[in-house]
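Engineer: First, the structure itself, so that you have it in front of you.
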Amino acid sequence: MRLRHKPWAKEYMEAQEHVFIQHPEQLKGKWGTEFGNDDPLFIEVGSGKGQFVLGMAKQHPNVNFIAIELFESVAVSIVQKLVETPMSNVRVLTVDAKRLVDYFEAGEVDRVYLNFSDPWPKSRHAKRRLTYKTFLATYEAILPKAGEIHFKTDNRGLFEYSLQSMSQYGMFFTEISLDLHVNEPEDNIRTEYEERFSALGQPIYRMEAVFRPKN
Ligand SMILES: C[S@@+](CC[C@H](N)C(=O)[O-])C[C@H]1O[C@@H](n2cnc3c(N)ncnc32)[C@H](O)[C@@H]1O
């Protein structure tokens, strides 16, 4: 993600309090009250400019979505789109995924999406990959038993690593595609990166992984 510093982003987002959540720790265990319903809650970690999360929210009006993006200069694009086209089932957080347990109670999140996560190809940076075991433990802590992670990437190395990391963690896979766009599902919502890499002729890898319930 190309980062252009936008010094106005923080103030702009903070003014959109129905969309941008400044103090998500105060809503831990109470996200239903924020949305005003008990609909399922899906989060996307590393939402970028939000094409996926907004497309999903439109396609699934009875699901609540939270976009989690580390950088304000990037997340502000999601907030701007929501100001232009309001959607009651989306909120935006600028937080680090490693702190998700500070914002969500055990079992409060129904599904985690990871799309085109930064690959961190050097092995000394493996701990930063969003499918490293410490991140998996964080997702497991906020998902229900047998919670799911849906993952897409153009990066073969990250895909292989993630299959291994999840498998070693004890997860199993219910879907694996090595070229999603060959028979692209009608309901697939493409992310910004997905469109970019697909246009370059690169295959898109996708999987759905499930945590094995522990006794
Ligand atoms: C390569 S971009 C992909 C963006 C988008 N998902 C897409 O597919 O077009 C990865 C995004 O993840 C965000 N990110 C990376 N590490 C993160 C973390 N620990 N917590 C939250 N967001 C993170 C980055 O800031 C970046 O915007």
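The values are calculated or read from the model by the stated rules, or taken from the named source; none is laboratory data. Just so we're clear, the structure is a prediction, and the values are computed from it rather than from any experiment. Note: ideal-geometry Cβ built from the backbone for every residue, glycine included; neighbour counts use all protein chains shown.
Engineer: Which condition does ASP96 not pass, out of (1) in contact with a Pro (Cβ under 8 Å, 6 or more places away or on another chain); (2) free of Cβ contacts under 8 Å to residues at least 40 places away in the same chain; (3) within 10 Å of the ligand (Cβ to nearest atom), if it passes all the others?
Structural biologist: It is condition (1) that ASP96 fails.
Engineer: What's the number of the condition LYS28 fails, among (1) closer than 20 Å to PHE135 by Cβ; (2) without any contact (Cβ under 8 Å) to a residue 60 or more places away in the chain?
Structural biologist: So LYS28 meets the others, but not (2).
Engineer: Also, I was wondering about something else. Name the residue that is nearest to the chain's Cα centre (by Cα), counting only residues in the stretch 133-153 that are surrounded by fewer than 19 Cβ atoms within 10 Å (Cβ to Cβ) and within 16 Å of the ligand (Cβ to nearest atom).
Structural biologist: Here the residue is HIS150.
Engineer: Which condition number in (1) under 12 Å from the mean Cα position of the chain (by Cα); (2) within 21 Å of LYS49 (Cβ to Cβ); (3) surrounded by 15 or more Cβ atoms within 10 Å (Cβ to Cβ) is the one that LEU82 fails?
Structural biologist: The failed condition is (1).
Engineer: So, in the stretch 85-97, how many residues would count as being surrounded by 15 or more Cβ atoms within 10 Å (Cβ to Cβ), under 16 Å from LEU130 (Cα atoms) and not β-branched (Val, Ile, Thr)?
Structural biologist: Of the residues in that region, 1 qualify.
Engineer: Just checking, how many residues over the stretch 99-109 are within 14 Å of the ligand (Cβ to nearest atom) and aliphatic (A, V, I, L, M)? Give the derivation first.
Structural biologist: Kept after step one, since they are within 14 Å of the ligand (Cβ to nearest atom), are these residues of the stretch 99-109: 99-104.
Cutting the leftovers down to aliphatic (A, V, I, L, M) gives us 100-101.
The qualifying residues number 2.
Engineer: Residues that are closer than 15 Å to ILE78 by Cα and in contact with a helix residue (DSSP H, G or I) (Cβ under 8 Å, 6 or more places away or on another chain): list the helices (runs of 4 or more DSSP H) wholly contained in the stretch 1-67 that include at least 3 such residues.
Structural biologist: Output list reads 9-14, 51-59.
Yes/no matrix, rows are residues, columns are (1) closer than 16 Å to GLU17 by Cα; (2) of a type in the set (A, V, I, L, M); (3) surrounded by 17 or more Cβ atoms within 10 Å (Cβ to Cβ); (4) modelled with pLDDT of 95 or more:
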residue	(1), (2), (3), (4)
GLU34	yes, no, no, yes
LEU41	no, yes, yes, yes
PHE52	no, no, yes, yes
MET56	no, yes, yes, yes
GLN59	no, no, no, yes
VAL74	no, yes, yes, yes
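Engineer: Run down ARG196, ARG129, ARG156 and say which single residue is at pLDDT 95 or above, surrounded by 12 or more Cβ atoms within 10 Å (Cβ to Cβ) and within 25 Å of VAL101 (Cβ to Cβ).
Structural biologist: Values: ARG196 fails: within 25 Å of VAL101 (Cβ to Cβ); ARG156 fails: within 25 Å of VAL101 (Cβ to Cβ).
Selected residue: ARG129, the only one of ARG196, ARG129, ARG156 that is at pLDDT 95 or above, surrounded by 12 or more Cβ atoms within 10 Å (Cβ to Cβ) and within 25 Å of VAL101 (Cβ to Cβ).
Engineer: Within the stretch 47-67, track down each residue that is within 16 Å of ILE142 (Cβ to Cβ) and either among the acidic types (Asp, Glu) or out of contact with any Pro (no Cβ under 9 Å at 6 or more places or on another chain) (or both).
Structural biologist: PHE65, ALA67
Engineer: Of these, LYS30, LYS6, which one is more than 24 Å from ILE189 (Cα to Cα), modelled with pLDDT under 95 and surrounded by fewer than 18 Cβ atoms within 10 Å (Cβ to Cβ)?
Structural biologist: LYS6
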